[in-house]
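See structure below.
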Amino acid sequence: MDQIDNYKIIEKIGEGGMGEVYKGIDTMLEREVAIKLMRPELINRQEIVDRFKSEAVATGRLNHSNITTLYNFGQTQNQYYMALEFVRGETLESIIKKRGALPWREALNYAVAALEGLEYAHQLKVVHRDLKPSNIMVNEQDNIKIMDFGIARILGKARLTKTGNFIGTVEYTPPEQIQGKEGDARSDIYSLSAVLYEMLTGRALFKGDTEFELMNAQIKEKPTSPRQFNQEIPARLEKIVLKALEKDPEKRFFSAREFGQALRNVALTEKDPEPTGENFFMLFARNYPVVMIAAALLVPAGGYVFWQMDMTEPSQVAPVASAPAPAPQMVNLPPAETQPANQLPEASSQPVAVRVPAQPIQQETRLPQIEFPVEKPAALGPFESEVPDQVEKPKTKNKEPVRTADKTTQAPSKPSGSQKEPSQNKASATDEDPDIDDWAIDFFNKK
């Protein structure tokens with residue numbers, strides 16, 4: 001089948017218990033549509049036909065931004081069909097499978113948007129009765145769209161399900177609906193709270209191997225605290241979720257408006273917890289799995305490359321052995337020799353050694369020889385010790401010192417009592433220093 005009325009079939013995008021869903025084009029309005037066809041073999045089952053018509057009537061009543069819009073309902077070639085709004089995006093079911101538990105604020109936003117759509121439907125006496133992650137779409141603008149009012153019931157009309165029977169998905173069905181009792185808006189509140197629980201924790205409300213175990217858990221067991229699986233969930237949010245999951249409908253929120261307002265208050269007043277290193281890593285890994293997979297592949301590859309470089313570098317570069325630094329050497333000056341006072345000291349032929357820190361050099365380098373003249377102080381006269389300490393040294397006069405042409409010139413006589421015999425290694429005052437100061441000559445003259 002390539003076309004139904006003015007709708008061109010493009011491709012199959014899904015199927016359910018009563019029919020199949022195709023993507024199509026409205027050739028008159030040139031817009032994308034979702035075409036839901038009832039299975040041909042069910043055309044003779046009146047209860048199925050009545051239920052299909054009931055879905056079309058319930059959806060046709062609703063015109064809300066958070067609910068898919070019904071464009072048309074018709075019959076062709078013994079088949080009933082519905083032309084619905086085509087939503088580009090993905091279901092909450094696929095999002096949870098890919099990401100696991102969602103950040104609590106993101107889950108809260110999705111739940112509040114769904115509750116706004118439910119509030120509008122409940123005002124028009126329409127109860128969905130089959131809310132689950134696969135029936136809630138998130139479009140490309142990150143908005144919620146509730147789909148598939150297949151078992152929706154319009155309150156006040158005759159029941160299509162016999163008393164004692166239930167139709168729905170057990171994991172999200174409220175206890176009263178499992179027991180075959182009459183449901184109302186609070187049944188949808190329970191089902192949406194079970195969806196919110198799964199968004200916050202990444203797991204279903206109850207688990208069981210059979211439908212009987214799941215039905216028994218929905219009726220008798222208490223849900224596990226959501227914070228046990230996700231510590232980032234605020235305590236106030238946990239209390240709200242558990243209240244909406246009460247077994248007794250009287251203990252739940254009375255309406256979708258009340259439930260939504262409680263969630264909005266949490267979003268406005270609660271602060272995000274400070275992320276620890278572990279929580280931040282897990283959050284990043286959950287939100288960006290492709291990046292984490294790429295990093296997991298690149299890190300071992302990079303380590304292998306560096307390991308190969310470390311293995312090849314030593315063989316390519318020859319080790320350079322550094323020569324040990326020579327120990328510093330000291331050269332001592334020879335002892336100074338006593339020289340006559342009337343002779344200038346001869347320049348020492350011995351160089352003065354200077355301590356130089358040894359450094360590794362390429363060729364021998366001679367240090368320049370530095371010669372320092374060694375000058376001995378002039379010898380003092382024999383009577384220098386008898387000069388009183390209190391006698392001030394007179395200022396030196398610019399007189400020509402007394403010089404002897406030869407050794408026949410005699411020095412002034414010296415008192416015999418105080419004269420001392422000079423030692424062999426000392427010369428007389430006049431012989432030793434021709435430049436003796438005048439004050440010493442005056443002293444001898446006075447004597």
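Summary table below
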{"item": "One residue from 19, 24, 60, 74 being under 30 Å from residue 205 (Cα atoms) and small (Gly, Ala, Ser)", "result": "19"}
{"item": "Members of the range 5-32 that are touching a Gly at 6+ places or on another chain (Cβ under 8 Å), more than 26 Å from residue 169 (Cβ to Cβ) and assigned to a strand (DSSP E or B)", "result": "7, 8, 9, 10, 32"}
{"item": "Pair list, Cβ < 7 Å and 6+ apart or interchain, from the range 47-64 residues that are β-branched (Val, Ile, Thr) to residues that are not in a loop (DSSP other than H, G, I, E, B)", "result": "48/42; 49/80; 59/70"}
{"item": "Residue 78 vs. criteria touching a residue at least 24 places away in the same chain (Cβ under 8 Å) and loosely packed, with under 14 Cβ neighbours inside 10 Å", "result": "yes"}
{"item": "Test: residue in the range 104-126 that is at pLDDT below 90, at negative phi, out of contact with any His (no Cβ under 9 Å at 6 or more places or on another chain) and among the small types (Gly, Ala, Ser)", "result": "no"}
{"item": "Residues (among the basic types (Lys, Arg) and farther than 13 Å from residue 188 by Cα) located in the range 248-261", "result": "251"}
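The values are calculated or read from the model by the stated rules, or taken from the named source; none is laboratory data. Source: prediction; values computed, not measured. Glycine gets a Cβ as well: all are built from the backbone with ideal geometry, and neighbour counts include every protein chain shown.
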